[in-house]
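Trainee: Have a look at this one.
The values are calculated or read from the model by the stated rules, or taken from the named source; none is laboratory data. Being a predicted model, the structure only gives us computed values, none of them experimental. With ideal geometry, Cβ positions are generated from the backbone for all residues, glycine too; neighbour counts draw on all protein chains shown.
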């Protein structure tokens, strides 16, 4: 039997990452179709035996990313994302302080000339290899999988400037150093990653708003008639629940005692409350306006009406529109083309450039690598689609697929 599930993916930050993960998952026997969205950081996978979530997790791990297959009531992916954003902020602040010092010592005579290059080396090394660690890690896994991505461009660009300058500093050669290029570019690209991570959270705000519609607790009536308030995560099918005036209905079910008027505008859009009596169905997250009633839970957790709406929205955001597929294809060829142009730029400036030709060649090759990162091309379409489908869901319009 073919299953379709959505999994969170940790570590993605550009469309090249998504393409790499898709290629890895498609190689797993039993996987029928894969759609990875770098903005929502979700992978929508259709699979059957012999494929299992564990096998897919291993396949993704080999590319340097993490497929989160453990299902829990707490949002594990959200916790990891918040920790990632906090770390990016910390790295940017430290990188910015060190970069200011590098710039200051590069263009002033505050420290003796004999110690200037070595001081710059010591200040730039943590920026290059700690602040910019994720770029080197991504480039390494890209090399292992014979792919190139944005991390490859940044690591090659800043790494070339740093290594070239480090050789000059260590051996005291009579050339200019470019520690300022390595430090500032790494810090600014990391700032972009930090802002991008926060923007992804804003783009998925609609899902968070839908989740906030849920009731947090339920008044469960036990067999002895005693009422106990418990989290809705602990409610089971068949439990008898009491809903008081003004409270939200915790889960889906059928009224067995009492009557009331319920505001179902979040489901139907109808602003007038709907009268309910024994035998009528009630929907979780709707609001009880008047009388108290008891109902029997028939659907809980991921089976409730609201949970299914959230799943539909997530699937729509994880799927790809035709224009997004085209953008992904272009991005897949873009990085190798940029690498070729950078090499060509280095060769031309080295052969035909003015003296010192090596310095000019290095600076122009690094400029091509850093400026031509294709992230905007790959992120624009999925970000706009996420915002659009989310806003539609807030207004009661559910978009199931992006491709008609």
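Trainee: Would you please name the residue that is surrounded by the most Cβ atoms within 10 Å (Cβ to Cβ), looking only at residues in segment 294-317 that are outside any strand (DSSP E or B), in contact with a strand residue (DSSP E or B) (Cβ under 6 Å, 6 or more places away or on another chain) and free of Cβ contacts under 8 Å to residues at least 60 places away in the same chain?
Mentor: Filtering segment 294-317 for residues that are outside any strand (DSSP E or B), in contact with a strand residue (DSSP E or B) (Cβ under 6 Å, 6 or more places away or on another chain) and free of Cβ contacts under 8 Å to residues at least 60 places away in the same chain, the one surrounded by the most Cβ atoms within 10 Å (Cβ to Cβ) comes out as 304.
Trainee: Report yes if some residue within segment 236-247 is exposed (fewer than 13 other Cβ atoms within 10 Å of the Cβ) and under 35 Å from the mean Cα position of the chain (by Cα); otherwise report no.
Mentor: Yes, because at least one residue in segment 236-247 is exposed (fewer than 13 other Cβ atoms within 10 Å of the Cβ) and under 35 Å from the mean Cα position of the chain (by Cα).
Trainee: Any residue in segment 351-370 that is in the same structural domain as residue 155 (by TED's automatic domain parsing) and free of Cβ contacts under 8 Å to residues at least 12 places away in the same chain sitting within a Cβ distance under 8 Å of a residue that is loosely packed, with under 15 Cβ neighbours inside 10 Å and in a loop (DSSP other than H, G, I, E, B)? List the pairs, counting only those 6 or more apart or interchain.
Mentor: Every condition considered, the pairs that remain are 360/354.
Trainee: Checking the conditions here, which among 236, 198, 209 is touching a residue at least 60 places away in the same chain (Cβ under 8 Å), outside any strand (DSSP E or B) and assigned by TED's automatic domain parsing to the domain that holds residue 86?
Mentor: Only one candidate qualifies: 198.
Trainee: Within segment 45-59, does at least one residue satisfy the condition of being under 28 Å from residue 389 (Cα atoms) and modelled with pLDDT under 90?
Mentor: Taking every residue of segment 45-59 in turn, none turns out to be under 28 Å from residue 389 (Cα atoms) and modelled with pLDDT under 90.
Trainee: Identify, from the list 24, 18, the residue that is in a helix (DSSP H, G or I), touching a residue at least 24 places away in the same chain (Cβ under 8 Å) and over 30 Å from residue 184 (Cα atoms).
Mentor: Within the list 24, 18, the selection yields 24.
Trainee: So, one more: If residue 40 satisfies every condition in (1) modelled with pLDDT of 90 or more; (2) in contact with a helix residue (DSSP H, G or I) (Cβ under 6 Å, 6 or more places away or on another chain); (3) under 30 Å from residue 131 (Cβ atoms) but one, which is the exception?
Mentor: Condition not satisfied by residue 40: (1).
Trainee: Also, I was wondering about something else. In contact with a helix residue (DSSP H, G or I) (Cβ under 6 Å, 6 or more places away or on another chain) and surrounded by fewer than 20 Cβ atoms within 10 Å (Cβ to Cβ): which single residue out of 85, 163 fits that description?
Mentor: Step by step, each of 85, 163 is checked, and only 85 is in contact with a helix residue (DSSP H, G or I) (Cβ under 6 Å, 6 or more places away or on another chain) and surrounded by fewer than 20 Cβ atoms within 10 Å (Cβ to Cβ).
Trainee: Quick one: residue 174 ticks every box in (1) touching a helix residue (DSSP H, G or I) at 6+ places or on another chain (Cβ under 8 Å); (2) within 19 Å of residue 107 (Cα to Cα) bar one, so which box is it?
Mentor: (1)
Trainee: Shifting gears a bit: Quick one: in segment 246-258, which of the residues that are in contact with a strand residue (DSSP E or B) (Cβ under 6 Å, 6 or more places away or on another chain) and assigned to a loop (DSSP other than H, G, I, E, B) is farthest from residue 307 (Cα to Cα)?
Mentor: Going through the qualifying residues, I end up with 247.
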